[in-house]
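Written out below as structure tokens is the structure these notes cover.
The values are calculated or read from the model by the stated rules, or taken from the named source; none is laboratory data. Because the structure is a prediction, the values reported are computed rather than measured. Note: ideal-geometry Cβ built from the backbone for every residue, glycine included; neighbour counts use all protein chains shown. Remember, those area values only see protein heavy atoms, side chains included, never the ligands or the DNA or RNA. Shrake-Rupley method; radii C 1.70, N 1.55, O 1.52, S 1.80 Å.
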Amino acid sequence: MIALLIRDLRLAFRAGGGFGLGLAFFLIVTVLVPFSVGPQADLLSSIAPGVLWLGALLACLLSLDRLLALDYEDGTLDLLVTAPLPLEAALSIKALAHWLTTGLPLVIAAPVLGVLLNLPANGFGWVVVSLALGTPALSVIGTFGAALTVGIKRGGLLMSLLVLPLYVPTLIFGAEAARRGAAGLDGTTPLLMLAGITFGTIALMPFASAAVLRMGLR
Amino acid sequence: MSIWQYANPVKFLALSSRVQPYLWAAAVICVTTGLLWGFFGTPDDARQGSTVKIIYLHVPAALMAINAWFMMLIASLIWLVRRHHVSALAAKAAAPVGIVMTLIALVTGAIWGQPMWGTWWAWDPRLTSFLILFLFYLGYIALWEAIEDPDTAADLTSVLCLVGSVFAILSRYAVQFWNQGLHQGTSVPVATGGRTVADVFFYPLLVSMVGFGLLFLALVIYRTGTEIRLRRAAAMRARTGRGA
Amino acid sequence: MPELGKYAIEVLSAYAASLGLLGVLIGITLRRGRAAQATLKAAEMEAKKNG
């Protein structure tokens, strides 16, 4: 299992891997927002938590394409399906690797980009905590989407269509927690809901992903 | 004799061709009665004026939009557990009907909302949930279209339907949490125990709801028959060695 | 025609849009159904001819 994790991480850091792509996308989206909505500081600070969450979500989505597709092409996936390691565990590891290479950098980058968007001072903690809690769910749900579309040529757009509705609850609770925190309110309730979704999906989604992958590769 | 004998495609086709004329006739009669009664035979509401007549389209369509997804969920479960092809094909056949019902509910709601709420669209929990439901239908249909092998497609869409249902319910609660709405409570008494619609409006609405239900049933049975025939034709072509 | 008052356009367009959508759905359904029946018949003929 650890070998698989290390292999995935190493592949991601190498050229052609997804690392940095999501981060760059996140940076560009947040930089473009003030150009499109105007530079008023109060407007920016009120939408900053939502923009950061949306940017992180889209950056996550962008890198899902590579999560299983490359392994499918070179045959690694067939090996994983037949390997003694349960497929559920293998997919959890792959989701973890995706989170470490995409979600975690986004969490770390969010406060820096928050400065650009004039995020209120008391919002930084909430944005970081909510993203840290929420992005694992995005990776795990994304793995399910990637597993559903793995055998389909040009499945990227289809995967976005399938995954985006599944992201709705995570986005609502995550962005709500960040928004309430930034507005100086107590965001504990949505944060707890977000934690519930994250742990629930981590516990259950790998089974769905593995089931779908077995069906798709049969 | 059990209900499972209709899982046999031949028996299903025989039964469906026997009941379909009645079903279509009943559906057409109920829908036209409900709509004509509602359109011509009911007074204007004191506050809503004549826009109250939109209810005879909006509520039945919304009801069937949810029920269609529910039916797809059950059909998907039956396919996953008992592997009856008819079940999988029925789920496939229901999805386009469901998406059209969702669209009707959204469009009539927007047309009604413009004069009544002063806006075409509000990010109200019910409206938002329907929009999300629309996206789920879209994804489901797109996944069916994208996969070539029919059994794999049935498997994957079934799991998507299951997982999607869980997330649809989650979204519903998330959206309620996120914004308290403008939308009035449900008009269907079984759901609330009390009735919010006066009798003059309610009886034609009931007829219209029954009509939409029958129409959905007739459409799904007909479309399932279509899917069965297409599958059989493809299988025959494959056997005789000529690609369809 | 009943008196629809100032909301005539809204009510009529709602009915037109809904019935139009239903009509399109039923039309597509029937056309696909007929095509499927024809395809199946053709396939059956072919199978019979080839023995």
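Descriptive notes on the structure:
- Across A:30, A:76, A:135, mean-square fluctuation computed from a Gaussian network of chain A (C-alpha pairs under 10 Å connected) peaks at A:76.
- Accessible area per residue was computed with a 1.4 Å probe on protein heavy atoms; residue A:152 scores about 30 Å².
- Along each principal axis, Cα extent of chain B, largest first, Å: 67, 41, 33
- As a length-normalised measure over Cα pairs under 8 Å and 6 or more apart, the relative contact order of the stretch A:2-217 settles at 27 percent.
- Within-14-Å neighbourhood charge of residue A:126 [Cβ basis; K, R +1; D, E -1]: 0
- Taking A:203, A:146, A:110 in turn, the Gaussian network model of chain A (Cα-Cα springs below 10 Å) assigns the largest fluctuation to A:203.
- This model, with +1 at the C-beta of Lys and Arg and -1 at the C-beta of Asp and Glu, gives the stretch A:2-217 a dipole about its Cα centre of some 160 debye.
- Ranking by accessible area, most exposed first, for A:72, C:7, A:167 with a 1.4 Å probe: A:72, C:7, A:167
- Among A:106, A:167, A:83 - extreme Cα towards positive end, dipole of chain A, charges at beta-carbon: A:83
- For the stretch A:193-198, Karplus couplings with θ = phi - 60° (6.51, -1.76, 1.60), whole Hz, Gly/Pro x: 4, 4, 4, x, 4, 4
- Think of each Lys and Arg Cβ as +1 and each Asp and Glu Cβ as -1; about the Cα centre, that makes the dipole of the stretch A:1-72 roughly 260 debye.
- Averaged over the residues of peptide B:47-56, the number of Cβ atoms from other protein chains lying within 10 Å of each residue's Cβ is 5.
- Neighbourhood charge, 12 Å Cβ-Cβ cut-off, centred on residue B:133 and excluding it, Lys, Arg +1 and Asp, Glu -1: +2
- Nearest-20 debye value, the protein assembly as shown charge dipole, Cβ charges on Lys, Arg, Asp, Glu: 1680 debye
- Measuring how big the protein assembly as shown is from its alpha-carbon positions, Rg and Dmax come out at 25.7, 81 Å.
- Karplus 3J(HN,Hα) series, Hz, for the stretch A:134-142 with 6.51 cos²θ - 1.76 cosθ + 1.60 (x for Gly, Pro): x, 4, x, 4, 4, 5, 5, 5, x
- Each residue of the stretch A:156-164 is assigned a 3J(HN,Hα), and the resulting list reads x, 5, 4, 4, 4, 4, 6, 7, 4 Hz, derived from the Karplus form 6.51 cos²θ - 1.76 cosθ + 1.60 (θ = phi - 60°), x at Gly and Pro.
- Exposure rank, largest accessible area first [B:84, A:98; 1.4 Å]: B:84, A:98
- Accessible area, probe 1.4 Å, largest first, for residues A:45, A:63: A:45, A:63
- Simple rule: put +1 on each Lys or Arg Cβ and -1 on each Asp or Glu Cβ in chain C, find the dipole, and look at C:23, C:11, C:37; the Cα lying farthest toward the positive end is C:37.
- Normalised by 2.2 N^0.38 Å, where N is the number of residues, the C-alpha radius of gyration of the stretch A:2-217 stands at 1.03.
- At 0.692 mPa s and 37 °C, Stokes D of chain C from Kirkwood alpha-carbon radius, µm² per second: 230 µm²/s
- Eigenvalues of the alpha-carbon gyration tensor of the stretch B:1-94, scaled by 5 and square-rooted, set the equivalent ellipsoid semi-axes at 36, 17, 8 angstrom, largest first.
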